[in-house]
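Asker: Once you've had a glance at the structure underneath, I'll fire off some questions.
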């Protein structure tokens, strides 16, 4: 019995609060949540249409323009190879955001499956799988990326696979606790007694009640993936130059920083930070909302 | 076949490691009958309910329901479904017995689709029928559980259990978590349902007054064993076993004073 | 009411729910004399637990309350510092679920003696001695061993007895018990209530006993008050309340319980469901569920009026007097 032992409510119109409560889907995330969603929407838009939006060819080099500062028509100036920075930022959005998205999708799919399966079956299956995941959990993402890139040629794909493997245990662990809690509820037992098949119960009922948490964790994971991928690219084990990618640009901009032309690293860095912060805030708000949902 | 009891439990036993939760329990319920299993915590009554519904497997002993043996886990989905159509259960906690993302109507419909198939129009009308049987209107049926009170949720749970058209309904402390005035409504409802559908009840409860209201027969359990059995009226009016006498004398009533045991 | 130990005058409490301030207690007034036991009975939303919290100054954050709570003549809301600590020693509270109110990683001994050692400067060994003697009074013989155990090693009934013992350590004048036996088996309940009753009488302690069980309140308390939708609707001596209720809701509660000693074909169920103060209709809060309702009931909210040695909040109380007993046919 909670401290406030009130009846959960009447069916029918309860006087609603007058203030606007937000965009459907983002209710409860507050102003910060909405702003973050907006930033991400812009980033997503640019990721899809970046190449078309870019005013100039992002790969066109012209050494006579190397390190030239902002000009009319070139708001960020040029990089060490004379390429228009603004266009490169816009074009780079795609690979910078594509990678983390792929990591999140893969890790969430595998992680959710393992979480629900271990929570449902329990026993030896649970113990063995959890032990295996714990071993994997011990490897930092970067170390795994290095290992994978030794086996396969370093590329965005290899980095993506490495990160997905690194993140799966984290997701599996978080979702497993939630799945266990849900599994213990009477409605799952009622469905078992009805004779509903186990996998149908897991997908249609258990899984669906985990969706808010899955979405929230996915958002949080995106931020981590972005930073880790950028770091991997920075180390030369992911996306490689001359491809436009924010992580790569932070790396190749180092020479510019040393010579007093920091705009390449700075602008790419700011973009990464902005997206990561937005994703973290949104993820946090969504997680809070998922945990406080009334039952 | 007419002579065989609806539920026949013989020498049921359940061990959890070294702890014996249910020890050599036998009882029967005839078609259309109603039996209560009364006991306090640790008596084993809920464990028995779980074994009958298949959520737990007996260590030894047999359970037969509707002429089929169910002492061992069901082999395959078809058998599980068939068993679900014979014995159903309503749990105690109204806040945990419904899928929070499913309206009552959807939950009932899912059960109907599982057991009876048919067209979706036929199912929809059956949902409405079951809703009115348990006293829920259309708006309440289509609302999510979070908009419903405890009593309303239990009504949905009862309707969902009845959707499978079971011959035996197990009520595992199903009214214990309800307010007194709501409990009265649900007890009346259960009496009506039994009169209208002929379903049999197995009531698991610690509340002797509720037991008297709903059931014809009772067995009293303590620490996994049956200590007394008989017609509810007789056992409550003239308890023979000292534990039953203790239970009976512990119930608050006008003029009653609590007494220390030790 | 100068001889009352505890007095509530028109206490109204609003809580933030779904972003708005909603009334959960309305115009609650009653008193308890030294050594007297008052039962507070109600269903969900009645406000009975909130009343206890208002007395103990344990309202949830964001709560907004008007009206006054007087303890031994002092306004409880105005107490600070040493006076507040002394108030806490004189008013003890026992809750429904003992496990939720005790730190699982500290021993029973730590839990029981902490307040004594920190607030009252009692030495560790003295505090332990007092704890052991109180455990004996609640029927726990091997107190010394129990002091070294952890909460999870004790059963619910045992732990609740520990909570009662611990509440009595500071020799309180008033004990607030919020559904102390609801989570216990019925035989354990009888045991624990007997202990509570005995200790209360021995010490001349006052008791505010909150429960949903009208019969249980009647067995242990001199007077019983019934709450509905955040208001007090009837208050009388316990036997009179049960046998000859003045308020239709009280009669409804009595009639809704199944009988253990007789057969009732159909229970006299009150239609509808219990409400919180903010969900109740205008006028009398019970008007939409009452079988004796007339137009006046829907139009204006009745006030608590004295009648037959108690008080009742009903427009038709005088008219219905004597007709609401069980067995007398009504609606």
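The values are calculated or read from the model by the stated rules, or taken from the named source; none is laboratory data. Since the model is a prediction, treat every value here as computed from it, not as a measurement. Neighbour counts are summed over all protein chains in view; Cβ atoms, including those assigned to glycine, are modelled from backbone coordinates with ideal geometry.
Asker: Looking only at the stretch B:131-139, decide whether some residue is within 17 Å of residue A:189 (Cβ to Cβ) and touching a residue at least 40 places away in the same chain (Cβ under 8 Å).
Answerer: No, there is no match, as no residue in the stretch B:131-139 is within 17 Å of residue A:189 (Cβ to Cβ) and touching a residue at least 40 places away in the same chain (Cβ under 8 Å).
Asker: Of all residues in the stretch C:269-280, which are in a loop (DSSP other than H, G, I, E, B), surrounded by fewer than 21 Cβ atoms within 10 Å (Cβ to Cβ) and more than 7 Å from chain B (Cβ to nearest Cβ)?
Answerer: Residues satisfying the conditions are C:271, C:272.
Asker: Still on this structure, I have one more. Kindly provide the set of residues from the stretch C:11-20 that are more than 17 Å from the chain's Cα centre (by Cα) and touching a residue at least 24 places away in the same chain (Cβ under 8 Å), ordered by number.
Answerer: C:14, C:15, C:16, C:17
Asker: Look through B:78, B:121, B:113, B:107 and report the one residue that is surrounded by 18 or more Cβ atoms within 10 Å (Cβ to Cβ) and in a helix (DSSP H, G or I).
Answerer: Going through B:78, B:121, B:113, B:107 in turn, just one is surrounded by 18 or more Cβ atoms within 10 Å (Cβ to Cβ) and in a helix (DSSP H, G or I): B:107.
Asker: Is the stretch A:248-264 home to any residue that is in contact (Cβ under 8 Å) with a residue 12 or more places away in the chain, within 30 Å of residue B:78 (Cβ to Cβ) and either part of a helix (DSSP H, G or I) or more than 14 Å from every other protein chain (Cβ to nearest Cβ) (or both)?
Answerer: no
Asker: Exactly one condition in (1) in a loop (DSSP other than H, G, I, E, B); (2) within 13 Å of chain B (Cβ to nearest Cβ); (3) out of contact with any strand residue (DSSP E or B) (no Cβ under 8 Å at 6 or more places or on another chain) is false for residue C:283; which is it?
Answerer: (2)
Asker: With the requirement that a residue be touching a helix residue (DSSP H, G or I) at 6+ places or on another chain (Cβ under 6 Å) and either more than 21 Å from residue C:236 (Cβ to Cβ) or part of a helix (DSSP H, G or I) (or both), what does the stretch C:286-305 give you?
Answerer: C:287
Asker: Give the residues of the stretch A:127-161 that are outside any helix (DSSP H, G or I) and buried (at least 19 other Cβ atoms within 10 Å of the Cβ), sorted by residue number.
Answerer: A:154
Asker: Among the residues of the stretch B:74-101, write down those that are under 23 Å from residue B:203 (Cα atoms), more than 7 Å from chain A (Cβ to nearest Cβ) and out of contact with any strand residue (DSSP E or B) (no Cβ under 9 Å at 6 or more places or on another chain).
Answerer: B:85, B:94
Asker: Quick one: in the stretch A:201-221, of everything that is facing chain B (nearest Cβ under 10 Å) and over 18 Å from residue B:53 (Cβ atoms), which residue is surrounded by the fewest Cβ atoms within 10 Å (Cβ to Cβ)?
Answerer: The extreme case among them is A:211.
Asker: Being on the phi > 0 side of the Ramachandran plot and away from chain A (no Cβ under 11 Å) is the requirement here; does residue B:61 meet it?
Answerer: yes
Asker: Yes or no: the stretch B:81-89 includes at least one residue that is part of a strand (DSSP E or B), more than 22 Å from residue B:44 (Cβ to Cβ) and in contact (Cβ under 8 Å) with a residue 12 or more places away in the chain.
Answerer: No, the stretch B:81-89 contains no residue that is part of a strand (DSSP E or B), more than 22 Å from residue B:44 (Cβ to Cβ) and in contact (Cβ under 8 Å) with a residue 12 or more places away in the chain.
Asker: OK, next. For residue C:198, which of the numbered conditions (1) within 15 Å of the chain's Cα centre (by Cα); (2) under 24 Å from residue C:33 (Cβ atoms); (3) within 12 Å of another protein chain (Cβ to nearest Cβ) fails to hold?
Answerer: Looking at each condition in turn, residue C:198 falls short on (1).
Asker: May I pose another question? Every residue in the stretch B:154-174 that is touching a helix residue (DSSP H, G or I) at 6+ places or on another chain (Cβ under 6 Å) and facing another protein chain (nearest Cβ under 10 Å), please.
Answerer: B:160, B:163, B:164, B:170, B:172
Asker: Run down C:69, C:91 and say which single residue is at pLDDT 90 or above, out of contact with any helix residue (DSSP H, G or I) (no Cβ under 6 Å at 6 or more places or on another chain) and away from chain A (no Cβ under 14 Å).
Answerer: After applying the criteria, what remains is C:91.
Asker: I've got another one for you. Would you check if residue C:41 is within 14 Å of chain B (Cβ to nearest Cβ), touching a helix residue (DSSP H, G or I) at 6+ places or on another chain (Cβ under 8 Å) and under 30 Å from residue C:272 (Cα atoms)?
Answerer: For residue C:41, the condition - within 14 Å of chain B (Cβ to nearest Cβ), touching a helix residue (DSSP H, G or I) at 6+ places or on another chain (Cβ under 8 Å) and under 30 Å from residue C:272 (Cα atoms) - is met.
Asker: If I go through the stretch A:162-188 residue by residue, how many of them are under 22 Å from residue A:98 (Cα atoms) and surrounded by 20 or more Cβ atoms within 10 Å (Cβ to Cβ)?
Answerer: Adding up the residues that qualify gives 9.
Asker: Please go through the stretch A:24-59 and give me each residue that is outside any helix (DSSP H, G or I) and closer than 30 Å to residue A:243 by Cα, ordered by number.
Answerer: A:54, A:55, A:56, A:57, A:58, A:59
Asker: Next question, about the same structure. Would you confirm whether or not the stretch A:84-93 contains a residue that is within 30 Å of residue A:288 (Cα to Cα) and not in a loop (DSSP other than H, G, I, E, B)?
Answerer: yes
Asker: Could you tell me how many of the residues in the stretch C:241-254 are surrounded by fewer than 24 Cβ atoms within 10 Å (Cβ to Cβ) and either more than 8 Å from every other protein chain (Cβ to nearest Cβ) or more than 25 Å from the chain's Cα centre (by Cα) (or both)?
Answerer: The total comes to 2.
Asker: Moving to a separate point now. Can you confirm whether residue B:182 is more than 30 Å from residue C:42 (Cβ to Cβ) and either touching a residue at least 40 places away in the same chain (Cβ under 8 Å) or crowded, with 24+ Cβ neighbours inside 10 Å (or both)?
Answerer: no
Asker: Tell me whether the stretch B:239-255 contains one or more residues that are touching a helix residue (DSSP H, G or I) at 6+ places or on another chain (Cβ under 9 Å), surrounded by fewer than 15 Cβ atoms within 10 Å (Cβ to Cβ), under 23 Å from residue C:258 (Cα atoms) and within 7 Å of chain C (Cβ to nearest Cβ).
Answerer: Yes: one or more hits.
Asker: OK, next. Looking only at helices (runs of 4 or more DSSP H) that fall completely inside the stretch B:131-224, which ones have 1 or more residues that are within 25 Å of residue B:106 (Cα to Cα) and out of contact with any strand residue (DSSP E or B) (no Cβ under 7 Å at 6 or more places or on another chain)?
Answerer: Where helices (runs of 4 or more DSSP H) fall fully within the stretch B:131-224 and carry at least 1 residues being within 25 Å of residue B:106 (Cα to Cα) and out of contact with any strand residue (DSSP E or B) (no Cβ under 7 Å at 6 or more places or on another chain), they are B:138-141, B:150-163, B:180-197.
Asker: Could you tell me whether the stretch C:309-319 includes any residue that is in contact with a helix residue (DSSP H, G or I) (Cβ under 6 Å, 6 or more places away or on another chain), in a loop (DSSP other than H, G, I, E, B), modelled with pLDDT of 90 or more and over 30 Å from residue B:154 (Cα atoms)?
Answerer: yes
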